[in-house]
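A quick write-up on the structure given underneath.
The values are calculated or read from the model by the stated rules, or taken from the named source; none is laboratory data. Not measured: the values here are computed from a predicted model. Every residue, glycine among them, receives a Cβ derived from its backbone with ideal geometry; neighbour counts consider all protein chains shown.
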Amino acid sequence: MFSEAVGNLTDWLDDIAGNWWFLLVILAIALLDSVIPVVPSETCVIIGGVAAAHGEQVLVLVIACAAIGAFAGDNLACQIGRLASGPVRRLGERKPKFGKRLQTAGDQIRERGGLLLITARFVPGGRTVLTLSCGLTRQPLPWFAGWVGVAAVLWGGYAALLGFIGGRTFENNHTAAFLLAFGGALALTAVSELIRWIRGRRTRAERR
């Protein structure tokens, strides 16, 4: 039933991709996907890239609308987390185990920094969990906005170029597009973790 609904939505997106207002659809779906991770935003942006390859859309505008929607959605998710942070912290005070987990989550976000926000943007669902967690742990808003801005532009460019260069290969094969994005996110995470480990090792060596 769910897969049929997604298929129908994809067919509808294909049908309207040549209209100028499809750019607004890309923006809206990218925004919603940050908060409700069942909305197929990657598929929508890929379709926009395919339309650009056919001369029906402008690639730069497809990327811009995807990035703006993703940026706004990530910030909305963070604000939802911040609104809920008060009750969640009070729950942590009543339940020390939960409070410790919340503290650990905040420490991990601060330790791994913005690269974690970049890699999470390429993982549907993962970006929502992380942006909500940033709000719950009340990460600094300028820091958060800066990193999700970078992540949104990279994500929008990646998905649009998949459609523009790969054409209907990725438009009709969402699994391949997801696996490619997920593999890229894992590779980026692995590289960032390796760099962080090397820097940490050097810092520890200098302190000796």
Original post:
In region 156-178, is there at least one residue being assigned to a helix (DSSP H, G or I), modelled with pLDDT of 85 or more, within 11 Å of the chain's Cα centre (by Cα) and not acidic (Asp, Glu)?
Top reply: yes
Subject >> Selection status of Gln57, within 22 Å of the chain's Cα centre (by Cα) and in contact (Cβ under 8 Å) with a residue 40 or more places away in the chain >> reply: no
Original post:
Do we have Gly86 as at pLDDT below 90, surrounded by fewer than 23 Cβ atoms within 10 Å (Cβ to Cβ) and more than 26 Å from Val148 (Cβ to Cβ) here?
Top reply: no
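Among the residues of region 34-58, write down those that are in contact with a Gly (Cβ under 7 Å, 6 or more places away or on another chain) and surrounded by fewer than 24 Cβ atoms within 10 Å (Cβ to Cβ). Show your work before the answer.
Quick first cut of region 34-58, residues in contact with a Gly (Cβ under 7 Å, 6 or more places away or on another chain) only: 34-35, 37, 45-51, 53, 56-57.
Correct list: Val35, Pro37, Ala53, Glu56.
Condition test on Ala66, is it crowded, with 22+ Cβ neighbours inside 10 Å and part of a helix (DSSP H, G or I)? Break it down stepwise before answering.
Numbers: crowded, with 22+ Cβ neighbours inside 10 Å: yes; part of a helix (DSSP H, G or I): yes.
It is true that Ala66 is crowded, with 22+ Cβ neighbours inside 10 Å and part of a helix (DSSP H, G or I).
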Original post:
Counting only residues that are at pLDDT 75 or above and either among the charged types (D, E, K, R) or touching a strand residue (DSSP E or B) at 6+ places or on another chain (Cβ under 9 Å) (or both), which one in region 111-139 is nearest to Gly149 (Cα to Cα)?
Top reply: Arg121
**OP:** Among the candidates Glu93, Glu4, Glu42, single out the residue that is acidic (Asp, Glu), within 12 Å of the chain's Cα centre (by Cα), modelled with pLDDT under 85 and assigned to a helix (DSSP H, G or I).
**Re:** Glu42
Subject >> Top-ranked residue in region 110-134 [being more than 19 Å from Ala30 (Cβ to Cβ) and under 16 Å from the mean Cα position of the chain (by Cα); ranked as surrounded by the most Cβ atoms within 10 Å (Cβ to Cβ)] >> reply: Leu116
